[in-house]
There are 2 protein chains.
Amino acid sequence: MIETPYLLFLGDAADPLAAKVAQGIKDWRPEFAVGQYRLPGCNADLGLPELSIAEAVAKGVKTLVIGVANRGGVISPSWKSVLNEALDAGLDLASGLHNLLRNEADLAVKATALGRALHDVRVPEIAYPIANGRRRTGKRMLAVGTDCSVGKMYTALCMEKAMRETGGNATFRATGQTGILITGEGVPLDAVIADFMAGSIEYLTPDNDAEHWDLIEGQGSLFHASYSGVTLALIHGGQPDALVLCHEPGRPHMRGLPDYHLPELEALRDVALIMARVVNPACQVVGISLNTSAMDADAALALCAETEKRMGLPTVDPFRHGAGRLVEALAGL
Amino acid sequence: MIETPYLLFLGDAADPLAAKVAQGIKDWRPEFAVGQYRLPGCNADLGLPELSIAEAVAKGVKTLVIGVANRGGVISPSWKSVLNEALDAGLDLASGLHNLLRNEADLAVKATALGRALHDVRVPEIAYPIANGRRRTGKRMLAVGTDCSVGKMYTALCMEKAMRETGGNATFRATGQTGILITGEGVPLDAVIADFMAGSIEYLTPDNDAEHWDLIEGQGSLFHASYSGVTLALIHGGQPDALVLCHEPGRPHMRGLPDYHLPELEALRDVALIMARVVNPACQVVGISLNTSAMDADAALALCAETEKRMGLPTVDPFRHGAGRLVEALAGL
């Protein structure tokens with residue numbers, strides 16, 4: 001678990017997209033986003049207070065989060081003086097980059113000497129159990145997609161926001177690096193050893209109050225040849241009461257797989273439900289989340305209406321239209 | 001890749017079942033099984049020549065394989081003098097135990113000094129790629145099961161034997177520790193990192209001659225809450241042209257999951273086929289393999305006939321009746 005709140009390190013981000021991890025933290029956990037730290041030439045700006053390391057410490061910051069992705073996922077030499085200064089000043093460091101903080105000798109030595117934590121959220125830090133399949137108390141929603149990167153994390157986060165705004169008892173459960181940095185905890189599922197995948201999700205979503213909802217971030221797709229095993233482990237470890245189908249209209253092919261078309265929503269609905277009912281016979285598909293970010297407002301609404309009619313399920317772009325109708329669809333489960 | 005042939009170390013096996021890895025090697029790769037080495041009190045006997053380390057070396061043995069499972073999967077202190085002697089005499093060591101050869105300091109130091117290999121087949125030794133889903137040349141059969149440990153490895157091995165006996169071009173592809181020790185190579189899929197599972201199976205079953213069959217050992221079950229993700233990665237990485245459904249009649253519940261019933265063969269057929277056709281639209285379910293080892297001969301034959309009629313697919317216990325009918329069912333694919 002990463003200590004909050006955060007100072008968001010934007011480094012020398014080439015453009016706003018390079019700082020999307022930091023943007024996600026600011027959007028979804030604004031209470032964690034105390035300030036930003038930018039280097040000369042940084043082309044991203046979250047509009048947060050620009051804080052020095054000392055100012056951040058004075059404001060109660062506990063962790064400097066590397067909220068920027070470099071080409072190649074490396075820890076840039078130009079960042080090093082700031083990262084070392086942060087450790088010296090009493091902050092932990094957190095990163096989702098491929099290259100690990102712990103493998104930078106200077107940072108590792110200093111962190112050990114000073115008792116600071118280096119959180120590399122790509123790497124599991126827990127010995128997860130093998131899944132036991134036992135029914136747990138509380139309710140769970142899982143976002144499943146026609147493809148990777150179609151908005152499963154945003155769907156779960158939007159639903160959490162909508163539920164909390166109406167007094168609901170809900171927790172977003174992160175299963176990927178960005179989600180883990182946003183919330184400060186979670187399972188980096190793509191890095192878990194095969195035998196423990198489903199068990200890691202049982203661990204992530206334990207027994208809870210009867211009316212509590214875990215809103216579980218999905219990963220991959222049952223129809224994605226590279227990552228489908230991860231998705232099925234999420235379905236069986238997550239034991240969902242509700243599935244929300246996520247889709248981005250207009251994709252020419254599956255992400256990274258030029259030979260593969262996306263499945264129809266009907267096919268996703270049918271096979272995800274068969275698999276989910278192995279562990280939870282009461283599971284229902286409750287709604288559809290479309291990522292319409294590439295469409296104009298009218299076209300987005302028209303597509304949602306058309307999809308809703310075809311599928312007989314509430315259909316929204318939760319980031320654009322709010323997730324209220326998806327949350328309403330959970331009532332009674 | 002483990003160098004062959006082998007000296008099979010049976011240690012102080014409590015009973016024949018404890019030496020089932022060695023038995024599997026003798027059954028399926030008799031040309032690798034040059035001799036056995038037993039300690040006082042050993043209650044297993046493969047009927048192979050009893051060889052000293054020196055005699056094994058003289059007969060061309062390259063690797064001593066620990067073919068026995070201890071309680072807890074540990075490397076027993078009483079084995080150490082033999083293992084050290086084997087290294088001194090020029091043999092490599094191979095083991096599928098949970099406790100690793102490489103973590104035994106004396107063995108690790110000696111192996112490094114002498115240039116011997118310590119093969120811990122539970123641990124992947126290759127950085128597998130992420131699956132790319134591209135169609136490969138050659139043919140592939142995958143054994144899928146209603147549960148874990150229902151005979152998927154034996155089914156694939158029996159089919160390999162039957163195909164080779166009739167001049168066919170076929171290769172058993174191991175995906176678990178016993179299979180890897182039998183053949184000397186394979187992927188320990190349950191220990192692969194989630195993101196690379198399907199890619200490891202693509203790596204295991206590369207382009208091949210048009211008429212060559214890879215006979216892929218299955219793992220887990222799409223219906224097993226703990227391990228289903230591994231199974232789906234096998235289906236999508238394996239790109240099967242043919243599926244054989246494997247089942248053991250009479251199980252009261254899924255292995256290790258007392259709350260879960262086994263699925264019907266029809267359910268397995270339907271969902272496995274949907275998933276396999278994502279990567280290979282021509283995939284067919286070609287037959288059924290029943291593990292009837294707990295039944296008498298007449299009951300086994302009757303159940304096969306009844307299942308064959310119900311499912312409309314060739315149904316045999318390949319270990320008992322031979323795999324010829326399953327192999328015939330591959331013709332024309």
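The values are calculated or read from the model by the stated rules, or taken from the named source; none is laboratory data. Fair warning: this is a prediction, and the values are worked out from it, not measured in the lab. No Cβ is skipped: glycine too gets one built from the backbone with ideal geometry, and neighbour counts run over all protein chains shown. We work out accessible area using only protein heavy atoms, side chains counted, and drop any ligands, DNA or RNA first. Shrake-Rupley method; radii C 1.70, N 1.55, O 1.52, S 1.80 Å.
Some notes on this structure:
- The tail of the calculated P(r) for the protein assembly as shown beyond 34 Å holds 51 percent of all Cα-Cα pairs.
- In the stretch B:235-333, taking the dipole from charged Cβ atoms about the Cα centre, the farthest positive-side position among B:290, B:271, B:321 is held by B:271.
- Under conditions of 25 °C and 0.890 mPa s, the stretch A:1-69 yields 212 µm² s⁻¹ as its translational diffusion coefficient, taking Rh as the Kirkwood radius over Cα pairs in the Stokes-Einstein equation.
- Options A:89, A:78, A:64, ranked by Cα towards positive dipole end of the stretch A:55-150, top entry (Cβ charges): A:64
- Relative contact order of chain B, defined on C-alpha pairs under 8 angstrom at six or more residues apart (%): 15 percent
- Percentage relative contact order, the stretch B:171-218, counting C-alpha pairs under 8 Å, at least six apart: 49 percent
- Calculation over all alpha carbon pairs of the stretch B:1-150 in 10 angstrom steps from 0 returns a P(r) of 11, 37, 32, 14, 6, 0 percent.
- When residue B:149 is represented by a point 7 angstrom out along its Cα-to-C-beta vector, the spacings to that point in the other copies are 4.2 nm, nearest first.
- Copy-to-copy label separations for residue B:212, where each label sits 7 Å from Cα toward Cβ, in nm and ascending: 5.4
- Helix-only [θ]222 nm of chain B, DSSP H runs n ≥ 4, -39500 (n - 2.57) each, per residue, nearest 500: -9500 deg cm²/dmol
- Within the stretch B:182-333, DSSP assigns beta bridges of which about 10% are antiparallel (rounded to the nearest 5).
- The stretch B:230-333 - Rg over Rh from alpha carbon coordinates, Kirkwood radius: 0.98
- Dipole in debye (nearest 20) - the stretch A:123-273, about Cα centre, beta carbon charges: Lys, Arg +1; Asp, Glu -1: 100 debye
- Scattering from the stretch B:158-251 was approximated by placing one identical point on each alpha carbon and applying the Debye formula without solvent; log10 I(q)/I(0) at 0.17 1/Å stands at -0.77.
- Look at the dipole of chain A built from charges on Cβ: of A:201, A:103, A:169, the Cα furthest out on the positive end belongs to A:201.
- Average accessible area per residue (Å²) across chain A - probe 1.4 Å, nucleic acids and ligands excluded: 39 Å²
- Relative contact order of the stretch B:131-244, pairs being alpha-carbon contacts under 8 Å that are 6 or more residues apart, as %: 44 percent
- Each listed q (0.09, 0.11 Å⁻¹) maps to a log10 I(q)/I(0) for chain B, found by the Debye formula over equal Cα scatterers with no solvent: -0.49, -0.72.
- Summed buried accessible surface, chains B and A, 1.4 Å probe, nearest 100 Å²: 2800 Å²
- Per-copy distances of the residue B:60 label point, shortest first, in nm (7 angstrom along Cα→Cβ): 7.6
- Assigned charges on the beta-carbon of Lys, Arg, Asp, Glu; the stretch B:35-119 dipole about Cα centre (debye): 180 debye
- Point-charge dipole on Cβ atoms (K/R +1, D/E -1) for chain A, about Cα centre, debye to 20: 320 debye
- Of interest is the spacing of the C-alpha centroids, which for the stretch A:175-236 and the stretch B:255-300 amounts to 27 Å.
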